[in-house]
Each structure stands twice: as structure tokens, then as C-alpha cells.
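Novice: I have a structure here, written as C-alpha cells, and I will follow up with some questions on it.
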Amino acid sequence: MTMSVCTETVRERPSDLLLIHAAELATCSSAPRRHAGHDSDGPLCGAAMRDIGIIRDGAIAVRSGVIVDVGTTPEVLSREPSGDASGAPGATQVIDASGRTVFPGFVDAHTHLVYAGERYREHVMRLGGAKYLDILAAGGGILSTLTSTRSASLTELVAGAMKRLDTMLLHGTTTVEAKSGYGLDIDTELRQLQAAKLASEAHPVDVVSTFMGAHAVPPEFKGDSEGYLDFVLSEALPAVAEQGIAEFCDVFCEEGVFSVEQSRQALRAGIEHGLRPKIHADEIFPIGGASLAAELGAVSADHLAAASSEGIRSLARAGVVAVLLPATVFTLMSEAYADARGMIDAGVAVALATDFNPGTSPTMSMSFVITLACLQMRMTPAEAVCAATRNAAWAIGRGDRAGTIQVGRDADFIVCDVPAVDALPFSVGVNPVRDVVKRGVRVVKSAGGGGLLCRSRI
Ligand SMILES: [Zn+2]
């Protein structure tokens with residue numbers, strides 16, 4: 001839908017929903033701008049991440065789930081046709097955001113949403129000094145999630161995902177990426193992806209699916225990563241591709257998991273089957289995952305806590321979005337946060353995500369991730385907001401619909417109980433999100449003891 005069509009439409013009939021008087025409205029729709037009919041849209045890179053197009057006393061008009069006008073409150077009201085003879089705005093629903101700040105709905109670009117079983121005991125073990133191998137020996141780690149997920153029915157997996165999507169929505173996430181990779185056999189991998197699809201069809205939050213058969217080597221392969229990868233590429237991947245239930249493929253490229261060469265092989269096979277590549281890269285050791293992402297033109301490279309400066313430069317050159325996951329570093333009680341400042345200075349488009357999973361990052365809160373991005377990685381509040389919305393949407397192929405507040409985009413936005421963008425990272429330990437609008441419908445409402453209003457797809 002073009003801007004002129006939308007502006008014309010708003011003049012004919014009142015909007016369905018009007019949001020007015022936002023103390024600050026972070027549109028995240030700044031440069032790169034459209035030029036003379038040529039759409040040069042994309043993530044914001046480097047220093048451009050600090051210009052998130054803030055409008056004071058901001059307003060949004062919505063019709064049929066789509067944003068039809070954005071500006072200051074006087075501007076938007078002057079363009080809004082009155083609904084009756086009194087001249088008052090005719091919109092059926094008005095949200096007064098006075099004293100609060102409005103952002104695009106958060107986009108959580110990296111999660112392991114669908115699984116069964118819990119692993120909180122491991123966190124307690126870690127407090128007592130247990131290391132990864134101790135936890136594994138005690139029956140914990142990824143293999144415990146593997147066992148629980150393999151024995152869970154589709155119904156159970158969908159129910160678990162729906163419950164988590166409720167929590168995410170209450171915390172302002174309106175679009176989420178979800179990976180398979182807790183099955184590591186054909187049936188369970190397919191069941192995880194089917195659960196994500198069914199949850200997406202049933203819930204207001206949009207779920208974008210990634211096939212991650214190359215997440216770990218399952219016990220039946222007894223450490224034979226070559227043999228397992230061969231199974232993934234010759235049997236599991238074709239089965240996933242045939243069902244058309246994943247958009248992206250991903251691989252855990254790490255010392256002791258899958259090598260750079262194996263990861264190259266896995267992602268190339270994914271591309272041949274129509275899946276766009278993503279990669280868990282350089283999380284612990286700088287083995288060259290970032291450079292591989294650049295070589296393959298991956299849509300994103302994720303983690304990157306140990307990425308080399310050459311790896312970072314290659315991401316900037318290739319236009320690969322760097323998805324940083326500080327909540328994982330925090331949960332593992334590590335100091336090794338990714339070099340967000342170095343990446344932004346090198347001109348990389350940085351995004352943020354929770355990495356939500358039961359073992360190493362049990363948070364579903366993007367505002368908490370924004371807090372960590374600022375307090376631990378020294379990102380500015382504006383950079384962190386851009387990273388959690390617009391750039392995250394580009395990291396999962398949704399940049400043309402989500403992540404910004406601009407005419408023609410899905411009306412996905414949130415009202416936070418903070419007086420300015422700069423205040424958002426300092427809502428430590430509380431949920432600042434008061435209202436959530438998904439495709440033009442208010443699905444979370446703060447007033448009158450409201451809370452979650454809608455659990456159905458819109
Ligand atoms: Zn992950």
C-alpha cells in the first residue's frame with residue numbers, strides 16, 4: 001500500500017483507532033528514506049541507529065490493521081475526519097498516551113520458543129559452581145530438553161508455545177522468530193515447526209520459523225557430527241522443505257559442535273531448498289562464523305560475543321544483521337558480552353533478541369534485553385530501541401511490515417510507562433509495557449485493571 005493511497009483513505013472515513021498525545025513517539029522510520037519512488041528501505045547501520053525519528057506529542061491513525069497516518073497530535077487530528085457534527089475525531093477507539101512513550105512492537109529475532117520440560121535446576125547447579133559438563137553428566141543440558149520434547153505431543157507443544165506467547169505479548173513483543181532444534185530427528189523437528197505454525201495461526205503474535213536441525217549432535221549418533229549432518233541434509237531438510245513450514249535455516253557453528261566447513265555445507269544445502277541462512281556464530285570461540293555469514297550473504301549472524309574484528313568488518317561489508325543476545329551472557333554469569341560498540345562503529349546493523357530458551361536464557365522480556373544492551377554493552381537507548389524493533393524485523397525478513405511506525409505498515413505498537421525513549425532502559429525489573437496494539441487491535445490494555453485482552457489471531 002503506498003503512502004498516497006493511505007493518506008487519501010484516512011480523509012474519507014474516520015480511523016478505527018487513534019493514538020494521541022504520546023510524550024515521545026519513536027517511529028524508527030528515519031533514513032534510509034524512500035527516494036523518488038525507489039524504495040531504499042533496510043535496517044539502520046552504525047551511527048544511523050541513533051536517529052529513530054522521535055515525534056513529541058505524537059499520534060498514530062489506524063485503519064483495517066494498517067497505519068494510515070503518523071505525526072504530531074495536532075497534525076494527525078487535523079487530517080482526521082470528524083465522526084459527528086461536534087467536530088470531534090471520529091475514530092471508534094482512542095488511546096490517550098499522555099506522559100507515556102510509544103514504540104514499534106518489539107521484534108524478538110532469536111528464540112527457541114517451542115520445547116517441553118524445564119531446566120531451572122541447572123541454574124541452581126550453576127550457582128553452586130557447576131560447569132557445563134557437570135550439568136550434562138547430571139542429565140541436564142540440551143539433551144534433557146531433547147528427551148522431553150521428543151516425548152511431547154503436538155498439542156502439548158502448541159499449548160506451551162501459546163502460554164509463552166501470552167507472556168511475550170504482555171512484555172510488548174508482537175513478532176517473534178522460533179527455531180526447531182530440540183528434536184534432532186525428523187518427526188520431532190517437524191512437530192516443533194508445526195507447533196510454531198499452529199501457534200502463529202492462533203495467537204496475535206506472528207511467529208517466523210527457522211529449521212535448526214544442526215543445533216547439536218543427538219546421542220544416537222555418539223558424537224559423529226559428520227554422520228548426523230549427513231542425515232540432516234539428506235533426510236530432515238528435504239522433509240521440512242517439502243512441508244514449507246520454515247523460512248530460515250540455522251546452524252550452531254562452534255568449536256566442538258559444527259565446524260565452519262560443516263556449517264557452510266549445512267547452510268548451502270538450506271539455500272538450495274529455499275531456506276534463507278542464519279547462523280549461531282562466534283559465541284564462545286572466534287572460529288570464523290561471522291565471516292562465513294558474510295560469505296553466504298546470511299540474513300543474520302547471531303551471538304557474536306567472540307567475533308574477531310575482521311569478522312565484524314565482514315558483516316558490515318556484506319550487510320548481515322548482527323543479532324546480539326546479552327541475556328544469555330547475563331544468565332551464564334559471564335562478562336563476555338558482544339562488542340556492540342565496535343560493531344556500530346564499524347557500520348554493522350545491530351539487532352537484539354532474547355535467545356529465549358529453557359537452558360541459557362529463560363527471559364521473554366525485550367525491555368530487559370534493552371536494559372542489558374545499554375548497561376552491559378554501552379548501547380545508547382535509541383540504538384537499543386532501533387535494534388529491538390526495526391533492525392530485528394530485518395533480521396527475520398519482516399522489515400517491510402514490522403519494526404517501524406510508518407504509513408502502510410502493520411499497526412503493531414506499544415505504549416510504555418516511561419516519559420521518554422531515554423528512560424526505557426532504566427525500567428529495571430519491572431515491565432514498562434502498558435498497552436499493546438497488534439494489527440490495529442488493542443490486545444493488552446492497562447486501564448481499569450485490564451491486562452491481556454485477546455488470545456486469538458487478528
Ligand atoms: Zn540460539
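Novice: Keeping all protein chains in the complex and leaving out DNA, RNA and ligands, what accessible area do you get for residue 309 with a 1.4 Å probe, in Å² to the nearest 10?
Specialist: Rounded to the nearest 10, that gives 80 Å².
Novice: Follow-up question, since we're still on this one. Sorting 125, 379, 364 by accessible area (1.4 Å probe), largest first, what list results?
Specialist: Result of the area sort, largest leading: 125, 364, 379.
Novice: Got a number for the accessible area of residue 344? Probe 1.4 Å, square angstrom, nearest 10.
Specialist: 0 Å²
Novice: Once you put a point 7 Å from the Cα of residue 295 and another 7 Å from the Cα of residue 332, both along the Cβ direction, what distance in nm separates them?
Specialist: With each label point 7 Å from Cα toward Cβ, the separation is 2.3 nm.
Novice: Right, here's the next one. Tell me, what is the FRET efficiency for residue 13 and residue 159 to the nearest 0.05, using R0 = 30 angstrom and their Cβ-Cβ distance as r?
Specialist: Result of the calculation: an efficiency of 0.15.
Novice: Under a straight-distance cross-link criterion of Cα-Cα below 12 Å, which aspartates and glutamates are reachable from residue 131, leaving out those fewer than 8 residues away in the same chain?
Specialist: Within the straight-line limit of under 12 Å, residue 131 reaches these aspartates and glutamates: 122.
Novice: For the range 90-173, which GluC sites (Glu not before Pro) are both in a DSSP coil and crowded by at most 14 other Cβ atoms within 10 Å?
Specialist: 118
Novice: Sticking with this one: Just reorder 247, 201, 272 by solvent-accessible area, largest first, 1.4 Å probe, all chains present.
Specialist: 272, 201, 247
Novice: Let me ask you something else. How far is it, in nm, from the label point at residue 51 to the one at residue 94 when both lie 7 Å from their Cα along the line to the Cβ?
Specialist: So the two model labels end up 3.4 nm from each other.
Novice: Sticking with this structure for a sec: Considering only protein heavy atoms and a 1.4 Å probe, what is the carbon-and-sulfur percentage of the accessible area of the chain?
Specialist: Heavy-atom surface of the chain belonging to carbon and sulfur, 1.4 Å probe: 54 percent.
Novice: Note down the relative contact order for the chain as a percent, whole number, built from C-alpha pairs under 8 angstrom at least six residues apart.
Specialist: That works out to 20 percent.
Novice: Looking at this model, which pairs from 278/445; 163/445; 163/222 are more than 29 angstrom apart at the alpha-carbon?
Specialist: Pairs exceeding the cut-off: 278/445; 163/222.
Novice: Kindly provide the helix-only [θ] at 222 nm of the chain, computed as the sum of -39,500 (n - 2.57) over DSSP H runs of four or more divided by all residues, to the nearest 500 deg cm²/dmol?
Specialist: Value at 222 nm, helices only: -10000 deg cm²/dmol.
Novice: Between residue 458 and residue 133, what is the spin-label point distance in nm, taking each point 7 Å from the Cα along the Cα→C-beta axis?
Specialist: It works out to 5.1 nm between the two label points.
Novice: Quick one: putting +1 on the C-beta of Lys and Arg, -1 on the C-beta of Asp and Glu, what dipole do you get for the chain around its Cα centre, in Debye to the nearest 20?
Specialist: The calculation lands at about 920 debye.
Novice: While we're looking at this one, here's another question. If amide hydrogens are placed 1.01 Å from N in the peptide plane, which non-local residues have theirs closer than 5 Å to the one on residue 54?
Specialist: Under 5 Å from the amide H of residue 54 lie the amide H atoms of 27, each far enough along the sequence or on another chain.
Novice: Once the dipole of the chain is set up with Lys and Arg at +1 and Asp and Glu at -1 on Cβ about the Cα centre, which of 141, 399, 103 lies farthest towards its positive end?
Specialist: 103
The values are calculated or read from the model by the stated rules, or taken from the named source; none is laboratory data. Bear in mind that the values here come from a model prediction, so they are computed numbers and not experimental data. All Cβ positions, even for glycine, are placed from backbone atoms using ideal geometry, and neighbour counts span all protein chains on display. All accessible areas refer to the heavy atoms of the entire protein, side chains included, with ligands and DNA or RNA removed. Shrake-Rupley method; radii C 1.70, N 1.55, O 1.52, S 1.80 Å.
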